[in-house]
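Report on the structure given below.
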Amino acid sequence: MKKRNYILAVLALALSVLTPSAAFAGVWRTGAEPNESRWWYDNEDGTYAANGWQWIDGNQDGTAECYYFDSQGWMAAATETPDGYVVDENGAWTENGVVQTRTERLQDPETEDGSSLVVYFSRTGTTRRAAQEIGRLTGAPLVELEAAEPYPDSYEATLSRARRELNAGARPALAGEIENWESYDTVYVGYPIWCGTAPMLVFTFLETYDFSGKTVIPFCTSGSSGIGMSQSDIEAACPEAAVLQGIRANDVQAIEPWLEQLGVYGSGA
Ligand SMILES: Cc1cc2nc3c(=O)[nH]c(=O)nc-3n(C[C@H](O)[C@H](O)[C@H](O)COP(=O)(O)O)c2cc1C
C-alpha cells in the first residue's frame, strides 16, 4: 500500500492502537518517490511509528536504539529533534557522539494474553511518551482518548475550556469506542494534570466503561503538580475497580521501577 493511503487508513480508526507490542517486531521501510531516502517504521500490524520516540531493535539482537518519528511517521536523521536531542545519520539518538542503546525485555507473561491496556489522553504529547514507555515495558496495547470536540491548540483557550468543564462538572463526549473492553483486566489510565486534577474527558471515560473487577493504574504528567488529587478523584470515579498508586511520569525513566514496585512487571510480577 502506498504510504499516503496507509496513513489515511490508519487515521481512519478513531481510536487506533498505536504501539501494540513491546517487542516492536516490525520492519524499516523507505518512502515512495520522492521520499525514497526517508525512513519510516512499519509495525507490521496496521500501525507505524509516529509522534515521538520509539526504541527499536531493528536487527533483533536484543539491543534497541531510540529513533524519533514525526507526526507523519518519518524518521529524523542527522539533525536535532524538536525536543532538543541529537540523532545521527542512521536516526539513532546519540549523546556526545555515542549511540544510546538499551536492552530489550521480553513481554511480561502477565500481559502476553492481552489483559492489560494503556488508555491515555495527551494534548501536547508528554503523556503519550509515558504511555508509550508503559506499552514498551508491559506489551500492553495503547489507546489514545480523543474529545469529540477537540481541544484548541492555544494553551489559553484550552485552559479556559478546562476551567469551565471543571467548574460545571462537565463530561465532554469522547470520539470513538474502545474495542474488546471486557478482555482487559488491568487498565493504565494516563492524562495531563489540568487545574489540579485529571481533565474532565478522563472522567467521561471512567464513567462510560464498566470497571467492575478491573485494576486501574493511573499515571499523569504535569508542569509541577503531583498526581495528588487526581488519584483520589479517579478512585471515587470507579469505585468498583482496584486503583493502584499512580505516578507523575514526566521522567519516563521512573516508570520501570514504579511498575516493579507495584508488582505488575519485572521481578515483582
Ligand atoms: C488546561 C491546562 C491546565 C493545566 N493545569 C496544570 C496544573 O494544575 N498543574 C500543573 O502542574 N500543570 C498543569 N498543566 C500543565 C500540564 O499538566 C503539562 O504540560 C502536561 O505534561 C501536558 O501533558 P500532555 O503533553 O500529554 O498534554 C496544565 C496544562 C493545561 C493545558
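The values are calculated or read from the model by the stated rules, or taken from the named source; none is laboratory data. Just so it is clear, the structure is predicted and the values come from calculations on it, not from any experiment. Positions of Cβ are backbone-derived with ideal geometry, glycine not excepted, and every protein chain shown enters the neighbour counts.
For residue 155, the conditions (1) closer than 15 Å to residue 192 by Cα; (2) touching a Pro at 6+ places or on another chain (Cβ under 8 Å); (3) not polar (S, T, N, Q) all hold with the exception of (2). The set of residues from segment 124-154 being outside any strand (DSSP E or B), in contact with a Phe, Trp or Tyr (Cβ under 8 Å, 6 or more places away or on another chain) and within 15 Å of the ligand (Cβ to nearest atom) comprises 127, 128, 129, 130, 131, 132, 134, 145.
Considering only residues in segment 212-259 that are under 19 Å from the mean Cα position of the chain (by Cα), within 14 Å of the ligand (Cβ to nearest atom) and among the hydroxyl-bearing types (Ser, Thr, Tyr), the one that is nearest to residue 66 (Cα to Cα) turns out to be 221.
Which members of segment 36-88 meet the condition of being among the hydroxyl-bearing types (Ser, Thr, Tyr) and surrounded by 15 or more Cβ atoms within 10 Å (Cβ to Cβ)?
From segment 36-88, those among the hydroxyl-bearing types (Ser, Thr, Tyr) are 37, 41, 47-48, 63, 67-68, 71, 79, 81, 85; that's our starting set.
Across segment 36-88, the qualifying residues are 41, 47, 48, 67, 68, 81, 85.
Kindly indicate whether any position in segment 198-211 is farther than 17 Å from residue 243 by Cα, surrounded by fewer than 20 Cβ atoms within 10 Å (Cβ to Cβ), within 10 Å of the ligand (Cβ to nearest atom) and at pLDDT 95 or above. Checked against the condition, which is being farther than 17 Å from residue 243 by Cα, surrounded by fewer than 20 Cβ atoms within 10 Å (Cβ to Cβ), within 10 Å of the ligand (Cβ to nearest atom) and at pLDDT 95 or above, segment 198-211 yields no hits at all.
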